[in-house]
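Some notes on the structure that comes next.
The values are calculated or read from the model by the stated rules, or taken from the named source; none is laboratory data. Keep in mind that what you see is a predicted model, and the values were worked out from it rather than measured. No Cβ is skipped: glycine too gets one built from the backbone with ideal geometry, and neighbour counts run over all protein chains shown. Surface accessibility is based on the protein's heavy atoms, side chains included, excluding ligands, DNA and RNA. Shrake-Rupley method; radii C 1.70, N 1.55, O 1.52, S 1.80 Å.
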Amino acid sequence: MSLRARLIGAITLVLVGVLLAGGVLLHWHAQRKVAIETAAALDVARNTVERWVLSSDGVGVGRDVLPEAVALFDGDRHVRLVLFDEAGREIARSRIPPPANEVPDWFIDLIAPTVETVRIDVPGGAGVRTLALEPDPRSEMDEVWGDVVLILSVVATFFLAAFGFIVAIIGRALAPIAALTDAMRRIGAGDYAIRIPEAGSPELASLCRGCNDMAARLGDMADRNRQLTDQIERLQDEERAELARDLHDEVGPFLFAVDVDAAAIEALVAETGGGPRGAEIADRAEAVRAAAGHARTHVRGILGQLRPGLLGSLGLAAAIRDMVAAQEDRHPAVDFDLDVTDAAFGVETEAAILAVVREAVTNALKHAAPARIEISVTDLGGEVAIRVADDGCGLKDAGGGYGLIGMRERVESLGGDFTIGDRPGGRGVAVSAIIPVRAVDNRRVEPPLGRAAE
C-alpha cells in the first residue's frame, strides 16, 4: 500500500472514530433530553390531575364532568389522559396531536425512554374511578430528530470537506515522491539528464535536491567514462594499426623472401643435379616453402582480424563484408546473409557497430554451431539498428559472457539500447542494438596496406 493511501486511511479512521464518538455522545444527549422532558411533562400532568381530583372534595367524579377532564388534556403533546370506570373499562381518552415530522421507527426504538404510566384512583361513588396518565415522547423525539438531522448534516458536511481537503493536501505534499520515483527509475536506466523541481516540504525538497545532485554527478561520471572508453578504443585501434603495419611491412616481406629463397634452392638443385643429396635438399626446400606459405596464411588471418577493428579506409559496409569473408573461409558450412547499409555514421559509432557484429558472430560460431547467420545494419534516420541472428542451439547453451558485457557497454556508452534473447520458436539467438547517430566524424585511423601481405 502506498504512503498516500496509508496516510489517507489513517486520517479516515481518526475521522470515523470521531464520528462514532460524536454519535454515541449525541445518542446519550438525545435520550437524556427526551427522558427529562417526558418526565417533566408527566409530573406537571400528575400535579394537575391530583389538584383536580382533590377539588372534588372526596366526591366521585361523575360522567357529566368527563368532557371537562378530557378537554383539559386535549392537545397536550406529551401526556395522554385516559379515564376508567369502576369495572376498569375505558371511558374516554384525550387526543395527542401527531408530530410535525414523521420520525423513523428505528430512531424511536433507539431514543425512546422507559416511562411507566401513572394511575390515580378517584375516591367516591359511581363514575370515574381511575385516571391514567400515559406519556407519549413522540413529539419530543420529533424535536430531537430535527436537531439530530441538522447536527448530522453539519458533521457530514464537515467530514466530507475535511476529507477532501486532507486528500488534496496529502496529494500535493507527496507529489514530489512520484517525481522522485520516476526520476530514480530513469536514472537507473541511464538517463542522467533528468531533473526534479525542488518542491514540497523541506524534507522532500532536500531529497529532490539530493537526487538532482546525484544525477548530475552520475552524468559527469558517465561522460568521463565515455571519454575514457573512446580513448581506449582509439588506443586499441592505433595498436591494431601498428601491429598490422608490422605484420605487413616486416613479417610479410621476410616470409616472401623465404619463399623466394626456397624456390631458388629448388631451381638450383634441379640445374646442378644436386649430387647424392639433391633429392633431400629439394625436399627440405619444399618443406621451407610450405612452412612459409602456412605462416603467410596465418598472418593473412591475423590481418583480417585486425582490420575490422580499424575500419580503415574501407568504410563500415566493406569492413563488415571483409570480416564476414574471413569467417566464411574458416567456416565454409555456415551460410552468411548480409544486409548492411552503405551510410556513414562516424568513427565511434561505426567502431561500436563493428565490435557488436564481430563479437556476436564470433559467439555464434564458437558456441551455437549455426548453419545460418543473418547480419543487418539499417539506417533509421538519426539512429542505426544492428541485428545479428543465428539458428544455433539458443542462448541457454551459448557462452561469451565477457563478450556480451563488452557489447552492452559499447552500445550503452553511446546512449544506445542493447538486447539479446532467443529467437521465436527457441531456435537460435538474436542480438539487437539501436544506437543514436552523432555528428558524422570522418576521421579514420590509417589502415594497413590492404591485402598486400597475402
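Note on the chain: the alpha carbon radius of gyration divided by the globular reference 2.2 N^0.38 Å gives 2.33. Angle of helix 316-330 to the longest C-alpha principal axis of the chain, folded into 0 to 90 degrees and rounded to 10: 70°.
Ligands, DNA and RNA aside, residue 145 has an accessible area near 50 Å² when probed at 1.4 Å.
Computed from point charges on the beta carbon alone (+1 for Lys and Arg, -1 for Asp and Glu), the dipole magnitude for the chain about its Cα centre is near 600 Debye. Distance between the C-alpha centres of the range 325-341 and the range 1-56: 93 Å, rounded to the whole angstrom. Close amide-amide hydrogen proximity is noted between residue 79 and 136, each under 5 Å apart and 5 or more residues distant or on a separate chain (H modeled in the peptide plane; Pro and chain starts excluded). Dividing the summed -39500 (n - 2.57) terms of all DSSP H runs of n ≥ 4 by the residue count of the chain sets its mean residue ellipticity at 222 nm at -20500 deg cm²/dmol. Taking Cα atoms only, the orientation of helix 347-363 departs from the longest principal axis of the chain by about 90 degrees.
Label separation (residue 2 vs residue 48): 6.5 nm, computed from points 7 Å beyond Cα along the C-beta direction. Ligands, DNA and RNA aside, residue 33 has an accessible area near 70 Å² when probed at 1.4 Å. Across the range 187-227, Cα pairs under 8 Å and at least six residues apart give a relative contact order of 40 percent. The shape of the range 166-318 comes out prolate: with a ≥ b ≥ c from the C-alpha gyration tensor, a/c is at least 1.5 and a/b beats b/c. Rolling a 1.4 Å probe across the protein heavy atoms gives the chain an accessible surface of 56 Å² per residue. Scoring 262-269, 6-13 by mean Cβ neighbours within 10 Å over their residues and listing the highest first yields 262-269, 6-13.
Can you pull the percent of the chain's accessible area that's carbon plus sulfur, 1.4 Å probe, other chains left in place? Carbon and sulfur atoms account for 58 percent of the accessible area of the chain.
Computed over protein heavy atoms with a 1.4 angstrom probe, the accessible surface ordering of 153, 432, largest first, is 153, 432. Contact order for the chain, expressed relative to its length and based on alpha carbon pairs under 8 Å spaced 6+ residues apart, stands at 11 percent.
Compared with the alpha-carbon gap, the fully stretched path from residue 178 to residue 39 is longer by 43.8 nm at 0.36 nm per residue.
Label positions at residue 132 and residue 221, each projected 7 Å from the Cα along the C-beta direction, are separated by 9.3 nm. Would you mind counting up the charge near residue 264? Only other residues with Cβ under 14 Å from its Cβ, with Lys and Arg at +1 and Asp and Glu at -1. Combined, the nearby Lys, Arg, Asp and Glu give -3.
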